[in-house]
Amino acid sequence: MDKVPVILNPSAHSEKGKNSATEIRAMSGRIELIETSDIREVKEIARDIARRGGPALAVAGGDGTINAVISGLAGSETSLGIFPIGTMNLFARELKLPKKNLHGCWQVIEAGVTRKVDLFGVNDGIFVQVAGVGMDARIIEKTTWESKKKYGVLSYLMSALSVAGSEAPRLRVIPEGSEPLEGAFVLIGNGALYGRAFKMFRNASNDDGMLEVLVFEKQSRIDVIRYLLAVTMGRVEKASGVSYVRARALRVESDSEVPVQVDGELAGHTPVEFFALDHGLNVFVPAGQASRGTGSSV
Ligand SMILES: [Mg+2]
């Protein structure tokens, strides 16, 4: 049987990455581990494998590394396997891959069941799970890895408190096919999950060609707390000061430069355009996840 290349990008600041490398290397003689900590190289290796018509490629890393690999695979028929070894692992959770079980993830790849998921373009990059303009990008910008190492998830909360208290930018959100909206920050979902614990986009399906768009009018601390309560109660799109639209594409503009995050990594500033790509991505999924929506199994 063919070998499966596995791109591994261990976090520069974690022991977990090193242990995962050892575990994955020992897992199967079919695994060809390619280790790199250079995110541009991650994308180039993936692009090269796709160009040569490789049937499968796996990635061991966090959501940012997974995004880089998918950027390289976009437009190809190469199927992607995932070993989630990041902090959030949003895309892996969305696909219902085994949690904290790298061997289980390998079994998913070996079983060979795939599903097609939507990919969206974001300016020059791609987007597979969640993006944000404004507040959450600012929070990521303000949270240093030193702080993350010291305080864990709390570090994001500390940044959030300071960002929520600051003056809000005015964003103009222009969804394709519906009226423009205004707000302080915007969240855009392909999948349903957001952050460590939230099901932000209740109606999301990552194979219907549509993005879920939530536009938040304000970002004072009291408003943000109100929004979060609405999220935990599963009705954020109905909360006052929140607009919800679905669109195949949208543009977000502002008078000042406002940061953008894509799959948890900073990705430039406004203006930013999100648009559906014609060609989806084949991903290896557990057998029960194969036939959702218009997805197909092989
Ligand atoms: Mg969708």
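The values are calculated or read from the model by the stated rules, or taken from the named source; none is laboratory data. Given the structure is predicted, the values throughout are model-derived calculations rather than measurements. Using ideal geometry, Cβ is built from the backbone for each residue, glycine included, and neighbour counts are taken over all protein chains shown.
Out of (1) more than 30 Å from Ile39 (Cα to Cα); (2) modelled with pLDDT under 95; (3) in contact with a Phe, Trp or Tyr (Cβ under 7 Å, 6 or more places away or on another chain), what's the single condition that is false for Gly241? Single failed check for Gly241: (2).
Could you list, in sequence order, the residues of segment 111-131 that are among the small types (Gly, Ala, Ser) and within 16 Å of the ligand (Cβ to nearest atom)? Of everything in segment 111-131, those that are among the small types (Gly, Ala, Ser) and within 16 Å of the ligand (Cβ to nearest atom) turn out to be Gly121, Ala131. The number of residues in segment 181-229 that are polar (S, T, N, Q) and either without any contact (Cβ under 8 Å) to a residue 24 or more places away in the chain or over 21 Å from Leu277 (Cα atoms) (or both) comes to 2. For segment 230-269: of the residues being among the small types (Gly, Ala, Ser) and free of Cβ contacts under 8 Å to residues at least 60 places away in the same chain, which is farthest from Leu171 (Cα to Cα)? Residue satisfying both the conditions and the ranking: Gly234.
The criterion of at least 3 residues that are surrounded by 14 or more Cβ atoms within 10 Å (Cβ to Cβ) and in contact with a helix residue (DSSP H, G or I) (Cβ under 6 Å, 6 or more places away or on another chain) is met, among strands (runs of 3 or more DSSP E) falling completely within segment 215-269, by 259-262. With respect to the conditions (1) within 16 Å of the ligand (Cβ to nearest atom); (2) closer than 16 Å to Arg246 by Cα, Phe216 falls short on a single one, namely (1). Taking segment 167-194 as the region of interest, how many residues are away from the ligand (no atom under 15 Å from the Cβ) and surrounded by 13 or more Cβ atoms within 10 Å (Cβ to Cβ)? Total meeting the criteria: 13.
Looking at segment 1-113, what helices (runs of 4 or more DSSP H) fall wholly within it and have at least 2 residues that are more than 18 Å from the chain's Cα centre (by Cα) and surrounded by fewer than 23 Cβ atoms within 10 Å (Cβ to Cβ)? So the answer is 15-25, 39-51, 102-111. Evaluated against (1) within 16 Å of the ligand (Cβ to nearest atom); (2) under 22 Å from Leu157 (Cβ atoms); (3) not aromatic (Phe, Trp, Tyr), Ser205 falls short on exactly one condition, (2). So is Ala197 among the small types (Gly, Ala, Ser) and either within 16 Å of the ligand (Cβ to nearest atom) or touching a strand residue (DSSP E or B) at 6+ places or on another chain (Cβ under 9 Å) (or both) or not? Spelling it out, it is not the case that Ala197 is among the small types (Gly, Ala, Ser) and either within 16 Å of the ligand (Cβ to nearest atom) or touching a strand residue (DSSP E or B) at 6+ places or on another chain (Cβ under 9 Å) (or both).
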